[in-house]
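The values are calculated or read from the model by the stated rules, or taken from the named source; none is laboratory data. The structure presented is a predicted model; accordingly, all values stated were derived computationally and were not measured. As a convention, Cβ positions derive from the backbone with ideal geometry for all residues, glycine included, and neighbour counts pool all protein chains shown. Protein only, heavy atoms only, side chains kept; ligands, DNA and RNA dropped before computing areas. Shrake-Rupley method; radii C 1.70, N 1.55, O 1.52, S 1.80 Å.
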Protein chains: 2
Amino acid sequence: MSTLVLASRNQKKLGELRRILDAAGVHGLEVIGLDELAPIPESPETEPTFEGNAVGKAVDVARASGLPAVADDSGIEVDALNGMPGVLSARWSGKHGDDKANLELLLGQLGDVPDERRGAAFVCAAALVTPAGAQTVVRGEWRGSLVRHPRGANGFGYDPIFVPEGAEVTAAELSPEAKDADSHRGRALRLLLPDLRELAP
Amino acid sequence: MSTLVLASRNQKKLGELRRILDAAGVHGLEVIGLDELAPIPESPETEPTFEGNAVGKAVDVARASGLPAVADDSGIEVDALNGMPGVLSARWSGKHGDDKANLELLLGQLGDVPDERRGAAFVCAAALVTPAGAQTVVRGEWRGSLVRHPRGANGFGYDPIFVPEGAEVTAAELSPEAKDADSHRGRALRLLLPDLRELAP
């Protein structure tokens, strides 16, 4: 059994990575989160790109733990805002992690933007870094458009106003499994599978 | 004496255009504002570009008044936000015209952005449209960078956090005359001078 650290304290993210490895037939990799390690200082997410933040977090955790580490950074790129909020998605209203304030601000800013210009993409960069310093970083995208009124209770962040391409419902109205199958995070983590497979004994 | 309409109710903007015409030796053009015309419905600023909004306003006023009309649309493009707030500058916090909320939101969003990535430009598009339908649209830019704490009581909008290139003080610490000489609006209006000169008798 080899051990892989996911640079997160979020149990849902841990479950998601374990399911993806399972579904791909990658066995013998135990995935642990930051809570299962001795305290590691949180890495700041201050790079101008998702990739920079994901690699930065994975490097810090691989160094501190001596184990291979996976980290991700995600956000939403809105066409009518030139790709913002982007890396600032989680602190768009100025306060970090206030999902409601962030979503309401985005809806306000897009108040006068007509339906045909409300395209957006969820983006996730995922990085794998080994203790020896080898780095892999990938990007998953999920295209869709933004509705004017939040719908659905699943998911988090901007999910309640994001309708994926080809869907009628918002990301917050999808089941977790249906979301995994298409989402930016699911896509990015699956792109890491070839490298993760090599870590399994 | 010919008459030119500036599509604005702002006396400061009227004064600025009159000063610029005077300084350029363009005489015989009387500049009036929207308040001096019969009521004209306000044009919405919903185009994705400054130029589109400026032309839209000038077209509406030239049609309604039967006079040549000048209109402008301005905002701030922040490098670290991919050029946003841009055309949404006046309603960045979701409410139109709340200068204080807009400025505080922008400072919050840039909280983690280091000094070397705090570049920005004030941008102004100015359009001249004649009743016959001839259109000229120009753009003035004013480069600078954004400080972390507002300074100065002159100006409006984002002036208190904008330090022009080559300056030590913010745009809100400049005298109105010093601001006119360099500002995006001053530059744009001066670019219209050749066309404005042709309107003078």
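Here are the numbers for the structure shown:
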read-out	value
Test for B:G28: is it open to solvent by less than 40 Å² (accessible area, probe 1.4 Å) and on the phi > 0 side of the Ramachandran plot	yes
In segment B:123-138, residue farthest from the other protein chains (Cβ to nearest Cβ) [restricted to those that are open to solvent by 10 Å² or more (accessible area, probe 1.4 Å) and either touching a Leu at 6+ places or on another chain (Cβ under 6 Å) or part of a strand (DSSP E or B) (or both)]	B:T136
Extreme residue, nearest to the other protein chains (Cβ to nearest Cβ), among residues of segment B:99-119 that are open to solvent by 50 Å² or more (accessible area, probe 1.4 Å) and under 21 Å from B:G152 (Cβ atoms)	B:E104
Residues of segment A:72-85 classified as of a type outside the set (D, E, K, R), more than 14 Å from chain B (Cβ to nearest Cβ) and surrounded by 24 or more Cβ atoms within 10 Å (Cβ to Cβ), total	0
Enumeration of residues in segment B:78-122 that are within 18 Å of the chain's Cα centre (by Cα) and not in a helix (DSSP H, G or I)	B:V78, B:G83, B:M84, B:P85, B:W92, B:H96, B:G97, B:D98, B:A120, B:A121, B:F122
Which numbered condition A:L14 misses (of (1) part of a helix (DSSP H, G or I); (2) within 13 Å of the chain's Cα centre (by Cα); (3) modelled with pLDDT of 95 or more)	(3)
Filter result for B:H96 (open to solvent by 60 Å² or more (accessible area, probe 1.4 Å) and at pLDDT below 95)	yes
Yes/no for B:E16 being closer than 19 Å to B:F156 by Cβ, of a type in the set (D, E, K, R) and within 14 Å of chain A (Cβ to nearest Cβ)	no
When residues of segment B:139-177 are limited to those that are among the charged types (D, E, K, R) and closer than 23 Å to B:L81 by Cα, the one surrounded by the most Cβ atoms within 10 Å (Cβ to Cβ)	B:D159
Filter result for the condition that a residue is surrounded by 18 or more Cβ atoms within 10 Å (Cβ to Cβ) and away from every other protein chain (no Cβ under 14 Å), over A:A23, A:A90, A:A69, A:A38	A:A69
Condition met for A:A188 (farther than 20 Å from A:L110 by Cα, in a helix (DSSP H, G or I) and touching a Cys at 6+ places or on another chain (Cβ under 6 Å))	yes
The one condition in (1) assigned to a loop (DSSP other than H, G, I, E, B); (2) within 20 Å of the chain's Cα centre (by Cα); (3) touching a residue at least 24 places away in the same chain (Cβ under 8 Å) that B:E141 fails to fulfil	(1)
Residue within segment A:30-52 that is hydrophobic (A, V, I, L, M, F, W, C), within 14 Å of the chain's Cα centre (by Cα) and more than 13 Å from A:V70 (Cβ to Cβ) present	yes
Segment B:43-71: number of residues that are of a type outside the set (K, R), touching a strand residue (DSSP E or B) at 6+ places or on another chain (Cβ under 9 Å) and under 27 Å from A:L106 (Cβ atoms)	10
Residue among A:A54, A:A58 that alone is over 20 Å from B:P114 (Cβ atoms), open to solvent by less than 10 Å² (accessible area, probe 1.4 Å) and more than 11 Å from chain B (Cβ to nearest Cβ)	A:A58
